[in-house]
1. Being of a type in the set (Lys, Arg) and under 13 Å from residue 187 (Cβ atoms) is the filter here; which residues of the range 222-268 pass it?
2. Of all residues being more than 17 Å from residue 304 (Cβ to Cβ) and buried (at least 21 other Cβ atoms within 10 Å of the Cβ) in the range 273-287, which is farthest from the chain's Cα centre (by Cα)? Just the residue, please.
3. Return the only residue of 152, 142, 136, 185 being of a type outside the set (A, V, I, L, M, F, W, C), out of contact with any strand residue (DSSP E or B) (no Cβ under 8 Å at 6 or more places or on another chain), at pLDDT below 90 and under 19 Å from residue 22 (Cβ atoms).
4. Would a scan of the range 277-288 turn up a residue that is within 23 Å of residue 70 (Cα to Cα) and among the polar types (S, T, N, Q)?
5. Report the residue count in the range 263-299 for those that are aliphatic (A, V, I, L, M), over 30 Å from residue 322 (Cβ atoms) and in a loop (DSSP other than H, G, I, E, B).
6. With respect to residue 282, is the statement that it is assigned by TED's automatic domain parsing to the domain that holds residue 243 and touching a His at 6+ places or on another chain (Cβ under 7 Å) true?
7. Return yes when residue 270 is of a type in the set (Val, Ile, Thr) and on the phi > 0 side of the Ramachandran plot and no when it is not.
8. Would you confirm whether or not the range 360-372 contains a residue that is outside any helix (DSSP H, G or I), modelled with pLDDT of 90 or more, of a type outside the set (Val, Ile, Thr) and in the same structural domain as residue 96 (by TED's automatic domain parsing)?
Amino acid sequence: MWLPLLFGCTGETEPLPPTVVWVVVESFRADLVAGSELLPNLDALKEDAVVFTHAHAAAPNTLPSVATILTTEQPWEHRVVADILTADRFGRVSPFSTSVPATWRRRGHRTGGWASTSDVSERFGMERGFDHWDERPNDPARLHRTGDETVRSALDWLAKDDEPAYAFIHIADPAFNYAPDSSCRGRFSDEPAFELPVDEERFHRWRSNNPPTDAEVDYVRRLYAEQISCTDEAIGTLVAGLREQGRLDDSLLVITGDHGEELWDVSGVTNGHNVRSILTHVPLVVRMPGLEPHENDTTVGHAEVARALLDLSGPVWDWMVTGETVSGRKAWSSSPSRTLDRLSWIDDTHRATLSIESRTMVVWQLDERGWEAKVARTYSTESQTWAAPEFTPMLELREDPFMPIVPTRPWLAEVTPP
């Protein structure tokens, strides 16, 4: 049964899906979705879905990226960021921000959220708008719980009754420490190059001036492939469970990544250290009755996609319905941690990245994968303000990402570290 959704004062209605499921996979590289043999369950789902080939996360790290998906706001708007040097300074989801789960709750859906890492937690206000909130087990020995555990918990919650429901499911199998669950370990990695999980000492060595050996690089990439394989099994479990409950055929199902993952492809390992395509380009698969399956090459960002799938309207929604690919569009990403130090947009052929501190903009030419191939031009925006007019409204954020644009945003939590 589909419910009517009323838009504004036009009198027009659109069918409202009784089941909405957003799956956000940690560290999910877009290049794995194109021709990979690691994702048979996702490949099967793609045959009946809209697949955006040029989707980009709002940030290259988990906290601000997930906050964008849950609020439809860019990181410089929602300010849900953490100071990496000061544990008691961070932003929380503001009550003045749009809340995707709260919106679905007002429409009559019960709402449930499952978070699998410490970056997606009540500490940052992520639970706002959810009737049911389930964070990872508080076990210091585990950085995250498995995707299988997370999905089965969500399916149990959905099975409690057949009322309309919205579920946000955060799967963290590919998260850093590169220690696949025992059910997947050994599928692609034969000879261990070091003991698992990756410890802090090794990680900091990798990110300093002591690069890994070739054997370590190969081993980490194989471990990551095993983590992705585990993720695909969790997706398969979710789809099978929704089908068994009779929810799949009339559900809105979205699968995407919070950001990518670098494995020494460009300048390092893991995520958060740049705003290049290896970390912002993510898979985006949308399955919903009435949407004809197709690949869409339009460049889109998470904020506008989240808004389109909340309202079931707007340009991005129209392109999902019509299958039209629109060229020349930009998707925005930013790197907010201790400071909002980099802002970036990407279109079909170029990426422009602005360093807030140096006021320097670098324009990259993209290759066929959508990765930065070479620097096309560098500008100094101090002397050539015309070079980056689209960045001008954000330059006021140079001083402190925690300084609100308006007095009511954001709520800045001051806590005492344990």
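The values are calculated or read from the model by the stated rules, or taken from the named source; none is laboratory data. All figures in this text were calculated on a predicted structure; none of them were measured in a lab. Because the Cβ atoms are built from the backbone with ideal geometry, glycine has one as well, and the counts that use them run over all protein chains shown.
1. Once the filter is applied, which keeps residues that are of a type in the set (Lys, Arg) and under 13 Å from residue 187 (Cβ atoms), the range 222-268 yields only 222.
2. Looking at the filtered set, the residue picked out is 287.
3. The unique qualifying residue is 136.
4. Yes - at least one qualifying residue is present in the range 277-288.
5. 2
6. Yes; evaluated as a whole, the condition is true for this residue.
7. yes
8. Looking for residues that are outside any helix (DSSP H, G or I), modelled with pLDDT of 90 or more, of a type outside the set (Val, Ile, Thr) and in the same structural domain as residue 96 (by TED's automatic domain parsing), one finds none in the range 360-372, hence no.
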